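The values are calculated or read from the model by the stated rules, or taken from the named source; none is laboratory data. In this text the structure is predicted, and so the values were computed from the model without any measurement. Positions of Cβ are generated from backbone atoms using ideal geometry, with glycine treated the same way; all protein chains shown enter the neighbour counts. For accessibility, only protein heavy atoms count, side chains too; no ligands or nucleic acids. Shrake-Rupley method; radii C 1.70, N 1.55, O 1.52, S 1.80 Å.
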Amino acid sequence: SSSSSSSSSSSSSSSIVIAVVVVVVVVPCAQPCAQHVLFISRYTLYTRTWLGYLYYKREMRKAREHYPAGHSRAQPVEFNGIKIIPISVLSDNYSYLVIDTASSVAVAVDPADPQTVQAVLKEEGVMLEAIFCTHKHWDHSGGNKGLKRLHSSCRVYGNATDNIPGLTHPLSHRDSITVGRMQFKALFTPGHTVGHMIYLLDGRTIGAPSSLFSGDLVFLSGCGRIFEGSATTMLSSLDIVGSLSDDTLLWPGHEYAEDNLLFAAEVEPRNAARENKYQWVLQQRGRKLCTSPSTIGEEKEYNPFLRIHSAELHLALGLQQFQDEDWTEFRARVLVELRKRKELYNRR
């Protein structure tokens, strides 16, 4: 029939388009400047065209096939009737449901796979009141519209400069959001993207530690790549995380713990806190268990990207502050060196 022919043609063209995107990603490039141009090209395709959305949809289908039960198993954490459920999506992402069990309302953070998140909502028997989107990348924002169709009254929060799919409630730095008994603060943290935001659940109102949903800004022992900003911009965003209380729980957007801690060992091989955490992570990942949450206090001990002020790290990197260089400029230079080493590490 004409409809099946059209569908087949559409599917075929989608496959071709996606194949093109994948080829672009793997074409070798000899010169650093050519590599940079290639990266900018494929990043623009991913973030600003429908090709990126098709690629995300393909990756989601593949992940559902390869990880029918999710890439990791996670246990919910509950404090005085507030329940946080990490949800394993795609190949290494985490979405989160934050539930006020007293009123049976929930917030979804970065619901990249709407089918998987909807299944957890149904299992918990709660109503989705809000989606908190940290940034525009499809592996964080791709499920917004799908969930919004299922929950028409659901509000979609994020920063307007980041072109968040389905955005209904634009946010600025330090805006407050209340859902049930839960009080959140949105913090503007550009660098990974121009409009990246993180969300802090205030623990004081529920007699518990605060919880930070950090998207791609900070991971266990790592930080996101600086796609859309300067090192100084990213440093300012990392400083926001570093200023939070040590008992704040960190809920990142990806399961990168094992690899990040191996990299941290290269820059600070004698860091005992890192080694202890690495041994624990090996046990968790050996059983495919989620490594979240850590705490901000822990991260300050072993995460090199939250230790940019550390004299021990400067020594390990062979960096020292120039006489006419102010402290912020020096720390930005340390961040640039760390990111450069991390990119080289990732290419091995």
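Annotations for the structure displayed:
- Debye intensity ratio I(q)/I(0), log10, segment 112-234, q values 0.22, 0.23 Å⁻¹ (C-alpha model): -1.37, -1.43
- Accessible area in the full protein assembly, largest first, 1.4 Å probe, for 94, 278, 55: 55, 278, 94
- The count of lysine pairs in the chain that are at least 8 places apart or cross chains, and whose C-alpha atoms lie under 20 Å apart, stands at 15.
- Residue-normalised convex hull volume from the C-alpha trace of segment 46-99: 87 Å³ per residue.
- Each of 327, 251, 280 has its accessible area taken with a 1.4 Å probe; listed largest first, they run 327, 280, 251.
- Cα centroid of segment 254-333 to Cα centroid of segment 76-139, whole Å: 28
- Inverse of mean 1/r across different Cα pairs in segment 234-348, Kirkwood, Å: 15.0
- For the chain, alpha-carbon Rg over 2.2 N^0.38 Å: 1.01
- The local environment of residue 136, defined by Cβ-Cβ distances under 15 Å, has a net charge of -2 under the rule Lys, Arg +1 and Asp, Glu -1.
- Accessible surface ranking that places the most exposed of 139, 175, 247, 216 first, with a 1.4 angstrom probe: 247, 175, 139, 216
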